[in-house]
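J.: Got a structure for you, written out below as structure tokens; questions coming shortly.
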């Protein structure tokens, strides 16, 4: 046996190298399989069967996500796609309905995925309505309102909450207002909804306005099955606003992809624009065609 | 992501947006006449449930408004769905400077007001049409008569495409039937086998 081990590795190494690349990570230790191979090749029929099993991994699909050729796909300029989508979403609330981008990547099935946060030039999310509890006439109140908080104040907020009108999704508080907040006894109402401001959750902050901006402007995205999906605009946006947001998104995703790893290669393969209820329009990268309407006509409701 | 062919098939809803009832161009400032002034806005209000004659208004929104919006992308169109079932379903048409005689006649003498409709701005004149108990086709006829909208005929390509999809739908009925029969046959086979096996077991245990 030992003589075999000495005599054969050169032969076995060739076999091994041919099968190593297709060995699963979870499969047996390579040195062990060398031994098995050697034995199997030589004489023992039983071991031969075993060795074959170890050498030939179970069938796997392709390593990359299969992306078909787009040559048969109808592709549209941004303004044309918007015209259709706006027609399909007619009569809906233009701040609630969102344009969504689906960015498809050419990438391997394993390996790292892109995940990051983006801040658009034109803020998309209005659905995170933010309430700020701080003294109503203070500077912070003004800043918070300017940053886009929907509800600012102390007593009127408390009364509204007690009356059951919770018209916000996030709640921040200024440290000066915390005693008043505790006295109002809102923990029972806000607590179960996860809205009660606390220093631990980072919702009791000195600089309320910048926090509001952070909460409003940022969108988290990640790659799932080679697609990154994220809302990129409200239905009321003009084509220019949407173009700016789309451009920012693509640039950032390219940057993310190049920043991952030298060996990982991800490239953008297709960009699809849709809305909350609409079908997906594959974009061809152009802004408008001769037939598309003027851009002011594609803005608002 | 969903495969390309499914996506492309879904994208053919575009055809529905281009062709059908309501595919028409409303008069704009450029081609307005005395009888048919430019239309600046549309607003539709109806109740949430269909009883009480609110069905047609909803169908109008579903069927006609997308086409109108496609051919008149610059005209704001809003829809309000109320929970108040007793209000009349109304369609408010906003004209640039005056209301034509046809529109006045259609709106009727009995003026109704729609409190959900946005207020007319800079010289807009409002014609409010009561669309309660009307089908969407009837509503569309009224809209067309009062605004003088120019219908856009389907192009030849669109007609051909529509024909193709009609043929596919036709074929789908046969295909569904064929597959159903196949599946049923397979199920019957399996059931018979299971029954036979059960009998064998019964005879063995007995």
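J.: Filtering region B:36-58 down to residues that are within 14 Å of chain A (Cβ to nearest Cβ) and part of a helix (DSSP H, G or I), which residue is surrounded by the most Cβ atoms within 10 Å (Cβ to Cβ)?
T.: B:57
J.: Does at least one position in region A:132-146 carry a residue that is within 25 Å of the chain's Cα centre (by Cα) and without any contact (Cβ under 8 Å) to a residue 40 or more places away in the chain?
T.: no
J.: Turning to a different aspect of this structure: If only one of A:192, A:197 is farther than 30 Å from residue A:241 by Cβ and either surrounded by fewer than 18 Cβ atoms within 10 Å (Cβ to Cβ) or at pLDDT below 70 (or both), which one is it?
T.: Result: A:192 is the single residue among A:192, A:197 that is farther than 30 Å from residue A:241 by Cβ and either surrounded by fewer than 18 Cβ atoms within 10 Å (Cβ to Cβ) or at pLDDT below 70 (or both).
For (1) within 9 Å of another protein chain (Cβ to nearest Cβ); (2) at positive phi; (3) crowded, with 21+ Cβ neighbours inside 10 Å, each residue gets a yes or a no:
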residue: B:60; (1), (2), (3): no, no, yes
residue: B:69; (1), (2), (3): yes, no, yes
residue: B:80; (1), (2), (3): yes, no, no
residue: B:88; (1), (2), (3): no, no, no
residue: B:92; (1), (2), (3): no, no, yes
residue: B:95; (1), (2), (3): no, no, yes
residue: B:100; (1), (2), (3): no, no, yes
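J.: Can residue A:260 be described as farther than 22 Å from residue A:75 by Cβ and assigned by TED's automatic domain parsing to the domain that holds residue A:94?
T.: Numbers: farther than 22 Å from residue A:75 by Cβ: yes; assigned by TED's automatic domain parsing to the domain that holds residue A:94: yes.
Answer is yes for this residue.
J.: Can you pull out every residue in region A:71-92 that is more than 22 Å from residue A:289 (Cα to Cα), out of contact with any helix residue (DSSP H, G or I) (no Cβ under 8 Å at 6 or more places or on another chain) and free of Cβ contacts under 8 Å to residues at least 60 places away in the same chain?
T.: none
J.: The conditions are (1) in the same structural domain as residue B:55 (by TED's automatic domain parsing); (2) modelled with pLDDT of 85 or more, and residue B:100 fails exactly one of them. Which is it?
T.: Result: residue B:100 passes all but (2).
J.: Something else about it: Within region A:289-301, how many residues are within 12 Å of chain B (Cβ to nearest Cβ) and in contact (Cβ under 8 Å) with a residue 24 or more places away in the chain?
T.: 9
J.: Could you list all residues from region A:272-283 that are away from chain B (no Cβ under 12 Å) and more than 16 Å from residue A:237 (Cα to Cα)?
T.: Passing the criteria: only A:283.
J.: Please find, within region B:1-35, the residue that is farthest from residue A:104 (Cα to Cα) out of those that are more than 11 Å from chain A (Cβ to nearest Cβ) and modelled with pLDDT of 90 or more.
T.: By that ranking, first place goes to B:27.
J.: In addition: Which one is surrounded by the fewest Cβ atoms within 10 Å (Cβ to Cβ) among residues in region A:73-105 that are at the interface with another protein chain (Cβ under 7 Å from one of its Cβ atoms) and part of a loop (DSSP other than H, G, I, E, B)?
T.: Result: A:74.
J.: From the list A:286, A:267, A:251, pick out the single residue that is away from chain B (no Cβ under 13 Å), loosely packed, with under 13 Cβ neighbours inside 10 Å and in contact with a helix residue (DSSP H, G or I) (Cβ under 9 Å, 6 or more places away or on another chain).
T.: Working: A:286 fails: loosely packed, with under 13 Cβ neighbours inside 10 Å; A:251 fails: in contact with a helix residue (DSSP H, G or I) (Cβ under 9 Å, 6 or more places away or on another chain).
None of the others qualify; the one that does is A:267.
J.: Sort through B:119, B:172, B:166, B:181 and tell me the only one that's at pLDDT 85 or above, assigned by TED's automatic domain parsing to the domain that holds residue B:72 and exposed (fewer than 15 other Cβ atoms within 10 Å of the Cβ).
T.: B:119
J.: For residue B:163, all conditions in the list (1) without any contact (Cβ under 8 Å) to a residue 40 or more places away in the chain; (2) in contact with a strand residue (DSSP E or B) (Cβ under 6 Å, 6 or more places away or on another chain) hold save one; what is the number of the exception?
T.: (2)
J.: A further question on this structure: If residue B:111 meets every condition in (1) within 22 Å of residue B:16 (Cβ to Cβ); (2) more than 11 Å from every other protein chain (Cβ to nearest Cβ) apart from one, which number is that one?
T.: Condition not satisfied by residue B:111: (1).
J.: In addition: Identify the single condition in (1) within 13 Å of another protein chain (Cβ to nearest Cβ); (2) buried (at least 22 other Cβ atoms within 10 Å of the Cβ); (3) farther than 20 Å from residue B:78 by Cα that residue A:131 does not satisfy, given that it satisfies every other one.
T.: (1)
J.: When you scan region A:106-127, how many residues do you find that are touching a strand residue (DSSP E or B) at 6+ places or on another chain (Cβ under 6 Å) and within 14 Å of another protein chain (Cβ to nearest Cβ)?
T.: Of the residues in region A:106-127, the ones touching a strand residue (DSSP E or B) at 6+ places or on another chain (Cβ under 6 Å) are A:106, A:108, A:113-115, A:117-119, A:124.
Add one more test, that the residue is within 14 Å of another protein chain (Cβ to nearest Cβ), and what stays is A:106.
Count: 1.
J.: Within the group A:271, A:264, A:228, which residue is modelled with pLDDT under 90, in contact with a strand residue (DSSP E or B) (Cβ under 8 Å, 6 or more places away or on another chain) and not in a helix (DSSP H, G or I)?
T.: Result: A:264 is the single residue among A:271, A:264, A:228 that is modelled with pLDDT under 90, in contact with a strand residue (DSSP E or B) (Cβ under 8 Å, 6 or more places away or on another chain) and not in a helix (DSSP H, G or I).
J.: If you don't mind, there's one more thing I want to ask. Of the residues A:216, A:222, A:211, only one is assigned to a strand (DSSP E or B), over 25 Å from residue A:75 (Cβ atoms) and modelled with pLDDT under 90; which?
T.: A:222
J.: Return only the number of the condition from (1) more than 8 Å from chain A (Cβ to nearest Cβ); (2) in contact (Cβ under 8 Å) with a residue 24 or more places away in the chain that residue B:76 does not satisfy.
T.: (1)
The values are calculated or read from the model by the stated rules, or taken from the named source; none is laboratory data. These numbers come from a predicted model, not from an experiment. Because the Cβ atoms are built from the backbone with ideal geometry, glycine has one as well, and the counts that use them run over all protein chains shown.
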